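Report on the structure given below.
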């Protein structure tokens, strides 16, 4: 690889060509570098920085986990960094299965399935609609489309609590107030501005040749969307999923304002456990409940990370 | 005879001891969600279920920011709940005026609420144009000064018996490295403390003139100036609190890091949980030890107008259940609040609660600011006092002027 | 059928691009009915004295006069300006740097990414409390540093009115940069490998490739990120509530909190809507001309 020689010190870290090709060929496979270069200066810098950054990110989690494993008397001592003198898992058990929120003493577990029932369809519907919007805006622009899009973008800046009452009126008029469908629509509406923008800009950044070639081959709106755009845009779909799963799973206000108790998501229990104003606060249970509630989005992040590969196939098409 | 069906039949009879033909589900929303509060709600639900109906619980934490959007949405969305907790008094006026809340006068007359509810002002807060719209369930009072006996011992001074002694003891506490007065950072805490100071230092009449009659001259006058001077002391004494939540501030008193805290009777639960005993580990001074008056804030239930007749009937049953003597005792003991009827026996109450009951029995009660002021004026007051307590460069005179402005525009 | 009729002289304009139009119906409905309709609704009610319930009893500009006379609102606007500017700069810079590091074909990419993203997944009611503890002078970072011997060390951002907004920024960056990193990473992954190859062949240093080649190519992603960060900044609420509830005093109040507090706690819908209308007008003045240039001026293709 003669070109390597021309590189200066900063660029020295860029991989040899063969490795890149290999990485691309295996896509989701392990993409680590070769061991012989594990201790290069650049590596120390990259990993050093990442580890320092990771510590900053993890510090609050450390405090949360430690607190969740302590009993209340120990927490009252106020030493937040100290590991528990006596480890107890009781707060976790309590948060999941026995913390009382009002009359129902079955912890977070009560709302878990409701959260799933809300999050899965809301995420799928909102991403499907927004990605098609973005595709239409990027590749099939029609007159007036930009006006609607601009309204959407301004809409992203509206504090959404302001919109609660008008939406209640709209849902009442179409007979969906209080239903699961109504809530899914609300999530789709509030996810739409950012997601549409996300997809529009991503699709607009894809090489136009791909689109043109498909058009020449006679492919239409839907064929191009499913055959070309979708497979090439995995990273942005993952980002959209991260946004929506997090937002919808953690939503509390819409869940209580637009539905009834039988559909209340898990965050209602979380809020009830952590947000009581005049009652006694059990910090250990609060921490455990928060981590438990966050576990689902975290799991999604971790698993979907596999799709975070270099998704672009431009080279293949051109070549 | 099939044994299994017999057992099933038996189970049904056991489950419905009153022999009610059909149980009606009634959804009840409230914001009592912490452990102790939940136990108290369970008492209400148990009593209601025992009448053959069924309490469907809709607990949502967060009184102001959450309960209101939910209520208004459910009511305007055409899907009201069966009953809901709300602060009685000014905050619900509008819902009643809009015809969304049910008139309970019939139930109240039948059950004689006028005679049993004590103090009478509680029922007044539920009454609009002569009709009764809510069922009060308990009394919470703000007028308490909680003191750490250990902190005063460490500072080498006697535990104060009133506000002036407390202020006088502050330098000694500070010298011992103790924050004299813990005031959490949230706005409602400093605003509440100020209202307590008005009642204690300027007296009941001044309090009622300012908040009841909205008399801005009194609000700008010398009596209130005196209270602002005391608030200035409180501000100095609270320097170094550095916590947000009220219970973190209470915890400073429990651990002796702070000398005292002005907080409502709900703070008692924290002391109990920490294994502390009234009189031994901590001292409670109702009315700051100056003016033993307690304000009758508290909670009440409202009943939205429903179309379903069965549910409407169940609402009546719930309303009368809430005021049933047995329910009142069971609920309030768990909640740590005082019952709304004078004819029940609270032998199990602790020392501080008994002090409260005595004052109540003597009739030294006033309506609290929730009942006198609109939520809007309350919020403006909160904004002012959180700023005043945090900003030492704001003079008491300046703050009083703004206070008088708020009172002048209050409704 | 596909709506890709080429000639512009076709008789029926409505049938042109029909599939795209049909597919955009949900977007059009949302934009017109909800965002436009809802906004008009709130603006109309901002001229009323609606309290707990929306009511059409007009009071002219009263709500706006009261708004601009309120010290808390003025402080909120000022805070948003400082917080917004800093948050925007730091989020973009840190997010991009982290993404560039993550794009170096490192091991454990998935783990690092999840670590940086997890704050985004956790409810801020409680993580805000943890930051409250960490930044608390008595048991947080200050006490740890002091116990290590540096006894004059002072770090109490949440309890010092002059710097409280920076304390909130620390937690905001902790919560939000992971997502920015992810967006940037997705953008980097969309860059053709051939670009890197070509840069390498020409011997261009890596940082130069980033600054002059890659970042301009990521224009779309940067714009998306910018809008996401900016809309988050304008709506910032729970970060403040969880850490300081606007304190000390009113030192860390923000506009969105003013809106919600007055709408729901104070039961003064008119005042809340007036505040939200002011926010929206400001946003629209900035966004609409920009959006027109950005989205209206033809496809952004080289």
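Where a number appears in this text, it was derived from the coordinates with a stated rule and is not lab data. Model, not experiment: these values are computed from the prediction. Cβ placement follows ideal geometry from the backbone for every residue including glycine, while neighbour counts extend to all protein chains displayed.
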Once the Cα atoms of helix B:163-175 and of chain B are each reduced to a long axis, what angle between those two axes, in degrees from 0 to 90 to the nearest 10, is obtained?
-> 70
Have a look at the range C:6-121 and give its Rg and Dmax from the Cα atoms, expressed in angstrom.
-> 24.4, 64
Put in order of increasing Cβ neighbours within 10 Å, starting from the fewest, B:343, B:232, B:370, B:195 give B:343, B:232, B:370, B:195
Here Rg/Rh (Cα, Kirkwood) for the range A:109-318 equals 1.04
Where is the GNM fluctuation largest for chain C (alpha-carbon springs, 10 angstrom cutoff): C:139, C:45, C:237?
-> C:139
Hey, what's the Kirkwood Rh for the range C:241-295 if you take every pair of different alpha carbons, in angstrom?
-> 12.6
Enter the mean number of other protein chain beta carbons within 10 Å of the beta carbon of each residue in A:61-73, as an integer.
-> 2
On the formula 1/(1 + (r/R0)^6), with r taken between the Cβ atoms of residue B:313 and residue C:147 and R0 of 51 Å, the FRET efficiency rounded to 0.05 is 0.20
Once the piece of chain linking residue B:176 and residue B:129 is laid out straight, how much longer is it, given 0.36 nm per residue of separation minus the C-alpha distance between them?
-> 11.3 nm
Spin-label pair residue B:25/residue A:217, simplified geometry with 7 Å Cα→Cβ offset, distance in nm = 5.4
Give me the number: length gained by fully extending residue C:74 to residue C:43, i.e. 0.36 nm times residue separation minus the C-alpha to C-alpha distance, one decimal in nm.
-> 9.1 nm
In degrees rounded to 10, the 0-90 angle between helix B:3-15 Cα long axis and the longest Cα principal axis of chain B is 40
Which value in nm describes the separation of the simple spin-label points at residue B:361 and residue A:116, placed 7 Å from the Cα toward the beta carbon?
-> 5.7
For residue A:128 paired with residue B:405, estimate the spin-label separation in nm (one decimal), with each label point 7 Å from Cα along the Cα-to-Cβ line.
-> 5.6
Applying 1/(1 + (r/R0)^6) with R0 = 60 Å to the Cβ-Cβ distance of residue A:299 and residue B:225, what FRET efficiency is obtained, to the nearest 0.05?
-> 0.50
Does chain C come out rounded, prolate or oblate, given a ≥ b ≥ c as the square roots of the eigenvalues of its C-alpha gyration tensor, rounded meaning a/c under 1.5 and, failing that, prolate meaning a/b above b/c?
-> oblate
Exposure-ranked with fewest Cβ neighbours within 10 Å first, B:301, C:58, A:157 stand as C:58, A:157, B:301
Shielding of A:281-292 by partners, i.e. mean partner chain Cβ atoms within 10 Å per residue?
-> 4
Could you give log10 I(q)/I(0) at q = 0.06 Å⁻¹ for the protein assembly as shown, computed by the Debye formula over C-alpha point scatterers of equal weight, without solvent?
-> -0.49
Burial-style ranking of B:353-361, A:255-263, average other-beta-carbon count within 10 Å with highest first, yields A:255-263, B:353-361
The exposure ranking of C:76, A:40, fewest beta-carbon neighbours within 10 Å first, is A:40, C:76
Which of C:72, C:113, C:189 moves most in a GNM of chain C, Cα contacts under 10 Å?
-> C:189
Helix-only [θ] at 222 nm, the protein assembly as shown, -39500 (n - 2.57) per DSSP H run of 4+, per residue, nearest 500, equals -17000 deg cm²/dmol
How high is the FRET efficiency between residue C:201 and residue C:285 when r is their beta carbon distance and R₀ equals 51 Å, given to the nearest 0.05?
-> 0.60
What is chain B by shape, rounded, prolate or oblate, if you read a ≥ b ≥ c off the alpha carbon gyration tensor as root eigenvalues and call it rounded for a/c under 1.5, prolate for a/b larger than b/c, and oblate otherwise?
-> prolate
Taking chain B as the reference, fit the longest principal axis to its C-alpha atoms, fit the long axis of helix B:375-390 to the helix C-alpha atoms, and give the angle between the two in degrees, 0 to 90, nearest 10.
-> 30
Please give the peptides A:122-129, C:117-124 ranked by average Cβ packing (other Cβ atoms within 10 Å per residue), highest first, as a rough proxy for protection.
-> C:117-124, A:122-129
Determine the shielding of peptide C:187-195 by partner chains: average, over its residues, the number of Cβ atoms on other chains within 10 angstrom of each Cβ.
-> 6
Go through C:278-289, A:166-177 and give me the packing order, highest mean Cβ count within 10 Å leading.
-> A:166-177, C:278-289
